[in-house]
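First up is the structure itself, then whatever we jot down about it.
The values are calculated or read from the model by the stated rules, or taken from the named source; none is laboratory data. Keep in mind that this is a model prediction, so the values were computed, not measured. Because the Cβ atoms are built from the backbone with ideal geometry, glycine has one as well, and the counts that use them run over all protein chains shown.
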Amino acid sequence: MRQRTPGRVLIPAAILSIIGILMMVNPIEFERTPGFFGFFTDSFKHLFNTLTNVYAVGILIVSFIMLLIVNTINKIIENNKFNKLTAQEKFEYTELANQNYFSRLIQSSKERQSEEEEKELLIDHGFDGIVELDNALPDWWVGLFYFGVIFCFVYILAFSFTDFADPIAEYEIHNSAEEMKVAEWIANNDITIDEAVNKYTDAQALEAGKEVFEQTCATCHTANGGGGIGPNLTDENWINHSKEDLFKNIYDMVYNGSPNDPTMEAFGQKGKLSGLSIEKVASYVYYLNQELPPVTVSEGGAAPQGDVVPAWKRK
């Protein structure tokens, strides 16, 4: 009569397996922490989120009750079989059952048969003196095999019918988190660029941009944008082409500075101008370039520098 896996081992192992399955199905809805220790931190977060889920708690309670019922039925079956044993078999079974389960499990993988037992287990084939015995597989190996089969089945179901290991779902979660970070950064840096609206047509934005331009930019570009130390901002020539859109290109130059001219500061990166102020001054420069006539050399403007970008010409 084979020894039964005791309930004190079977029930916790089954509950832990069910929790692992629930963690597989439950999506990760928090930003991952990088690094080796971040893995453990995220694992505890994921475990906590899973165990606080109402459906997961319900499944665990039902599973625990079912396991108790199964364990009770196994005890009844075991008692019925035990009563049919001889006195010697009952003694041997009781002695083995009183041993520690894990010690018995390890010992079962180390035990060797006697020569008589090996002869009974000998399979009728061999090669070069090597023979094979028809041994039973260790309980721990069989348990791991069945666990692997169940895990594979659950994994396939989870992958097929849930967001688990779904690259598109994981991308959307990650992308949503990044978009929230971008929105927070924009709010903290006073960025309010609206691509659907041409800010340079707004009178208030132009007035505020003109004020910033005269205080910050006129030193190099002169008050009318015709250029002096800096290039002429009213003609169709541009030294820098970091963006496809002219307005964004101007904004980028004010915020990040010019890679071709160190005298053009990165006003945004250095915190000298807020994002909103840069947006307004970029609107004003756009207005100077697109709506007002250019300041020519004969009028005191700087000579053209850079290239003509056809897409940025006045309409």
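Computed quantities for the displayed model
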| item | result |
| --- | --- |
| Positions within segment 278-306 being within 16 Å of M253 (Cα to Cα) and surrounded by fewer than 20 Cβ atoms within 10 Å (Cβ to Cβ), in sequence order | Q305, G306 |
| Neighbours by Cβ (under 9 Å, 6+ apart or cross-chain): first from segment 68-79, over 14 Å from I15 (Cα atoms); second in a helix (DSSP H, G or I) | T72/G7; N74/G7; N74/L10; K75/G7 |
| Filter result for D134 (touching a helix residue (DSSP H, G or I) at 6+ places or on another chain (Cβ under 8 Å) and either of a type in the set (K, R) or at pLDDT below 65 (or both)) | yes |
| Residue check, L246 in contact with a strand residue (DSSP E or B) (Cβ under 9 Å, 6 or more places away or on another chain), within 28 Å of A183 (Cβ to Cβ) and in contact (Cβ under 8 Å) with a residue 12 or more places away in the chain | yes |
| Subset of segment 161-181 [within 25 Å of I15 (Cβ to Cβ) and polar (S, T, N, Q)] | T162 |
